[in-house]
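J.: Pasting in a structure now, in structure tokens, and then I'll have a few things to ask.
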């Protein structure tokens, strides 16, 4: 009777397996809930979590009896893994970093306790469970920024695959080999620069705006974001997280004072696995930080899924909230995506860089052929007129090109402009979305559009060039983007020079922010978001990106970093009038001069470093 529930004749093992089945059913339901069913998910999450808390507590209190009844160690690990998945899934829907920290706690406990070790090379099922655990733990560590653990897990993951291929049928592990290749490519893309400066917003490193904006009738903050990136035959991604989406995800998070936040979500309390107290120590908390904007990361979304989520967020958007929409995809018929960085032709570089940069190009005053009228001055121009060419004006988020249910058009976004939108389009057909200007239904949309052509990169080692978009790199790590543009790879970077360039950029951006805040001509759509640190930083980095691409011209693809040309020209592209789609405003002329000056200052940092390296090289010969 020792294995029977008191007052009942139900064996402990039956109670346990009943709880397991109940938890599994609820887990399957919550896993399949789409992003747009947010209220249903919130209610269901705590019900599922309650069941798993009961299950975890029950097996702890009755561990010995359950083991005697046949409970395997890997089955305990499976419960811990499910709880970790619940935490991570909730983080991806709420952006509460506390849940991400709790997910790490459980995955680390599984790793240290080696729950899946017994029978690993005797049972193919257990081997697959261990590989799935490592792959999921890798994702958590990657998003959390624990790079040392990532590299440790990658080595363990690859060794395990090799050992399993020798023990079992090699064909059973082909998919796992692809997963290993994905994470290796992903890490090679950013590892060299990753630890120099965090992608997240740092109160220490990033400029703060203290001045009040003159023309802002209200102050809005970023509360939600939709991030979606897809290119056919995407080279650099891990699972369903592309490199561009990962960078934007990190860019819209707060950098805590320690490695992890204190969890704000449900706790397992004293029943948590070993390691919880160590990871969630008080030294790693930063309670002064505001919550992260809530983000939804979509990979190859159908248009119905995308619109349903967009409608849900707009419906729930607070009165002082802004929704950021980041779309990165190809938009040209017969062209899957932009060529890889570092592999593009240098023919007509200056023309290609600037030709379709209308959303943020410097226009010449008084030239009617170049002047684009503001939305209110374009009679008869609307999205209805451009709909005839809709096939050419969309972004492809599927494998069927620019047709079908996976293509997003500018007209798809217009109905949602009744709420404040901050739209970033990173595409070779980004200028198609300028047609949103003037078609808004209530709120003026803020648009940041990428250039349609990306300049070639100068590098002695093209294989080291990262994947992803140069425009997105400028928005997330501008100094790194500058380095890549002039041919400096991570292996060549000098930390002190990089830090100096970061300080120059940070100081200049702080001045730009103050200039914009004090401007009497700044359009309200920009002034009302300047108080938000994430949106302000994106806008300032966009200004830097525009200035760099407008001024930079490599003289030859064969040039090395020591020979690359930095040309400052006052041609028809370089005038003091800057036009940001869809808002046409004049800001003080010296702001443009500051942007030009900053370009030269940063380039001089690396020129001086390069000259020093050449001298040292000659001296050592």
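J.: If residue 439 passes every condition in (1) at pLDDT 85 or above; (2) touching a strand residue (DSSP E or B) at 6+ places or on another chain (Cβ under 9 Å); (3) crowded, with 18+ Cβ neighbours inside 10 Å; (4) outside any helix (DSSP H, G or I) but one, which one does it miss?
T.: (2)
Per-residue answers, yes or no, for (1) touching a helix residue (DSSP H, G or I) at 6+ places or on another chain (Cβ under 7 Å); (2) touching a residue at least 24 places away in the same chain (Cβ under 8 Å); (3) not in a helix (DSSP H, G or I):
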{"position": "152", "(1), (2), (3)": "no, no, no"}
{"position": "155", "(1), (2), (3)": "no, no, no"}
{"position": "159", "(1), (2), (3)": "no, no, no"}
{"position": "165", "(1), (2), (3)": "yes, no, no"}
{"position": "174", "(1), (2), (3)": "no, no, no"}
{"position": "179", "(1), (2), (3)": "yes, yes, no"}
{"position": "186", "(1), (2), (3)": "yes, yes, no"}
{"position": "197", "(1), (2), (3)": "yes, yes, yes"}
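J.: If we scan the range 206-220, do we find a residue that is surrounded by 16 or more Cβ atoms within 10 Å (Cβ to Cβ), closer than 23 Å to residue 253 by Cβ and at pLDDT 90 or above?
T.: yes
J.: If we keep just the residues of the range 300-330 that are in a loop (DSSP other than H, G, I, E, B) and at pLDDT below 90, which is farthest from residue 39 (Cα to Cα)?
T.: 300
J.: Among the numbered criteria (1) in a helix (DSSP H, G or I); (2) at pLDDT below 85; (3) in contact with a strand residue (DSSP E or B) (Cβ under 9 Å, 6 or more places away or on another chain), which one does residue 484 miss?
T.: Residue 484 satisfies all of (1) in a helix (DSSP H, G or I); (2) at pLDDT below 85; (3) in contact with a strand residue (DSSP E or B) (Cβ under 9 Å, 6 or more places away or on another chain) except (3).
J.: Hey, any hits in the range 119-131 for a residue that's under 30 Å from residue 289 (Cα atoms) and part of a helix (DSSP H, G or I)?
T.: no
Listed here are the residues, each with its yes/no results for (1) within 16 Å of residue 201 (Cα to Cα); (2) at pLDDT 85 or above; (3) outside any loop (DSSP other than H, G, I, E, B).
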residue	(1), (2), (3)
491	no, no, yes
496	no, no, yes
505	yes, yes, yes
510	yes, yes, yes
521	no, no, no
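The values are calculated or read from the model by the stated rules, or taken from the named source; none is laboratory data. Only a predicted model underlies this, so the values are computations on that prediction, with no experimental measurement involved. Note that each Cβ is placed from the backbone with ideal geometry, even for glycine, and that neighbours are counted across all protein chains shown.
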